[in-house]
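Read through the structure below, which is laid out as structure tokens, and then see the notes.
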Amino acid sequence: MPIKTLEIPTAGGRADAFAAFPDQGGRHPGVLMYADGFGIRPVLREMARELAGHGYYVLVPNLFYRHGPAPVIELPEHIGEEARTALFAQLMPLIQAHTDERVLSDADA
């Protein structure tokens, strides 16, 4: 199934996004998949591909695009308990900067 990296123009800049969609052309119902605090990572790309296999156009935007393209921080293949504390120390400033106003503005884009 086809996949793409897109750039979405927003009030805060250009947000990169991952898109997966069915092989056949035409119109498809859309799914806007928001990543959790860890951002876009392989498991979310796989989930998007799976939904696309069921006939959906899936868009996964990088919510932290203001801090760089995804992945914004380096993530291990498996996020286990031992890695969480260090990862959250890096992620919390990005999460805290993601205000309600930014969320709403980005969603409009």
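Is one or more of the residues making up the range 56-78 aromatic (Phe, Trp, Tyr), farther than 19 Å from Ala109 by Cβ, modelled with pLDDT of 95 or more and open to solvent by 30 Å² or more (accessible area, probe 1.4 Å)?
Yes.
For the range 1-29, which residues satisfy the criterion of being over 22 Å from Arg66 (Cβ atoms) and without any contact (Cβ under 8 Å) to a residue 12 or more places away in the chain? Write out each step before concluding.
The first filter runs over the range 1-29 and keeps only residues over 22 Å from Arg66 (Cβ atoms), leaving 1-3, 20-29.
Across the range 1-29, the qualifying residues are Gln24, Gly25, Gly26, Arg27.
For the range 14-24, enumerate the residues that are open to solvent by 30 Å² or more (accessible area, probe 1.4 Å) and either among the β-branched types (Val, Ile, Thr) or over 17 Å from Glu46 (Cα atoms) (or both).
If the condition is that a residue be open to solvent by 30 Å² or more (accessible area, probe 1.4 Å) and either among the β-branched types (Val, Ile, Thr) or over 17 Å from Glu46 (Cα atoms) (or both), then Arg14, Gln24 are the ones that fit.
Out of Glu46, Glu82, Glu101, Glu50, I need the residue that is over 20 Å from Leu6 (Cβ atoms), open to solvent by 70 Å² or more (accessible area, probe 1.4 Å), part of a helix (DSSP H, G or I) and modelled with pLDDT of 90 or more. Which one?
Going through Glu46, Glu82, Glu101, Glu50 in turn, just one is over 20 Å from Leu6 (Cβ atoms), open to solvent by 70 Å² or more (accessible area, probe 1.4 Å), part of a helix (DSSP H, G or I) and modelled with pLDDT of 90 or more: Glu101.
Quick one: which of Leu87, Leu32 is in contact (Cβ under 8 Å) with a residue 12 or more places away in the chain and open to solvent by 40 Å² or more (accessible area, probe 1.4 Å)?
Numbers: Leu87 fails: open to solvent by 40 Å² or more (accessible area, probe 1.4 Å).
The match here is Leu32.
The values are calculated or read from the model by the stated rules, or taken from the named source; none is laboratory data. Owing to the predicted nature of the structure, the values given are computational and were not obtained by experimental measurement. Because the Cβ atoms are built from the backbone with ideal geometry, glycine has one as well, and the counts that use them run over all protein chains shown. What goes into the accessible areas is simple: the full protein's heavy atoms, side chains included, and nothing from ligands, DNA or RNA. Shrake-Rupley method; radii C 1.70, N 1.55, O 1.52, S 1.80 Å.
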